Amino acid sequence: MKPLYMIALGMAAMALVLCPGCKKKPIVKPSGPEDVVDLTTIEPGELPLTEPPPITDFQEPENKEIFRDIHFDFDRSDIRPIDRPILEGIAGYLKENPKVFLLIEGHCDERGTNEYNLALGERRALSTRAYLANLGVEEHRMVTVTYGEEDPLDPGHTDESWAKNRRAHFKVANQAAPAPATQ
């Protein structure tokens, strides 16, 4: 009986070593070899990548019909097909207005722990950012922040309320014009 026990224990140990667990989904970085820029070959001033403004400088957009919230299914961070046209509209606007920066806020409903909801809100904001980057929006123009369950759109405790709160919300900021040089 003892050798059978040892064989079973050995097989269990091998299974743990060879199968370490479920593979996590990687965060998609929307760049390929054709998008990589060798910064050593660029002259100073040729590629002006400005820093985005602080989060406190972002405001609600005037174009509410373009910058509508997108929503997520329960416990998910993938972009739903129904929300893709909204993101396409936002990407089009940003490509036509290169001095506009975008803040993407990730939100959750109240279910789950604070830590879990903060992480889920971050994944939602990052997947939204990656989707917009895949549509051609420069990544340095997008900033993400997570609020988890802390800033609900609807304070109710129903399925309808929770569905409204599982969202990515957008704010914008314009790049400030450089100050004139003094002599």
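The values are calculated or read from the model by the stated rules, or taken from the named source; none is laboratory data. Everything quoted here is computed from the prediction, not taken from an experiment. Counting neighbours? That spans all protein chains shown, and the Cβs are built from the backbone with ideal geometry, glycine included.
Can you name the residue in region 88-112 that is β-branched (Val, Ile, Thr) and under 16 Å from the mean Cα position of the chain (by Cα) and, of all such residues, is nearest to Ile55 (Cα to Cα)?
Filtering region 88-112 down to residues β-branched (Val, Ile, Thr) leaves 90, 100, 104.
Filter again for under 16 Å from the mean Cα position of the chain (by Cα), leaving 90, 104.
Numbers: Ile90: 19, Ile104: 10 Å.
Looking at the filtered set, the residue picked out is Ile104.
Residues in region 146-173 that are part of a loop (DSSP other than H, G, I, E, B) and touching a strand residue (DSSP E or B) at 6+ places or on another chain (Cβ under 9 Å) were compared, and the one that is nearest to Asp75 (Cα to Cα) is Arg166.
Yes or no: region 51-58 includes at least one residue that is of a type in the set (S, T, N, Q), out of contact with any helix residue (DSSP H, G or I) (no Cβ under 9 Å at 6 or more places or on another chain) and modelled with pLDDT under 95. Steps first, please.
We begin by selecting, within region 51-58, every residue of a type in the set (S, T, N, Q); these are 56.
Among the residues that remain, those that are also out of contact with any helix residue (DSSP H, G or I) (no Cβ under 9 Å at 6 or more places or on another chain) are: 56.
Now restrict to residues that are modelled with pLDDT under 95: 56.
Yes, region 51-58 has at least one match.
Taken together, the residues in region 105-124 that are in a loop (DSSP other than H, G, I, E, B) and under 15 Å from His169 (Cα atoms) amount to 2. Phe170 satisfies every condition listed in (1) in contact with a Phe, Trp or Tyr (Cβ under 9 Å, 6 or more places away or on another chain); (2) at pLDDT below 95; (3) within 19 Å of Pro61 (Cα to Cα) except (2). Scanning region 55-104 for residues that are in contact with a strand residue (DSSP E or B) (Cβ under 9 Å, 6 or more places away or on another chain), closer than 21 Å to Tyr147 by Cα and in a loop (DSSP other than H, G, I, E, B) turns up Phe58, Glu60, Pro61, Phe67, Arg68, Asp69, Phe72, Ser77, Ile79, Arg80. Here is the figure for region 94-118: residues that are surrounded by 17 or more Cβ atoms within 10 Å (Cβ to Cβ) and without any contact (Cβ under 8 Å) to a residue 60 or more places away in the chain total 5.
So that you can scan it fast, the table gives a plain yes or no per residue for (1) among the hydrophobic types (A, V, I, L, M, F, W, C); (2) closer than 19 Å to Pro52 by Cβ; (3) buried (at least 21 other Cβ atoms within 10 Å of the Cβ):
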position	(1), (2), (3)
Asp73	no, no, no
Arg80	no, no, no
Leu120	yes, no, yes
Ala168	yes, yes, yes
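Can we say Val143 is assigned to a strand (DSSP E or B), at pLDDT 95 or above and out of contact with any His (no Cβ under 6 Å at 6 or more places or on another chain)? Yes. Please indicate, with yes or no, whether at least one residue in region 85-96 is more than 19 Å from Lys64 (Cα to Cα) and at pLDDT 95 or above. No, region 85-96 contains no residue that is more than 19 Å from Lys64 (Cα to Cα) and at pLDDT 95 or above.
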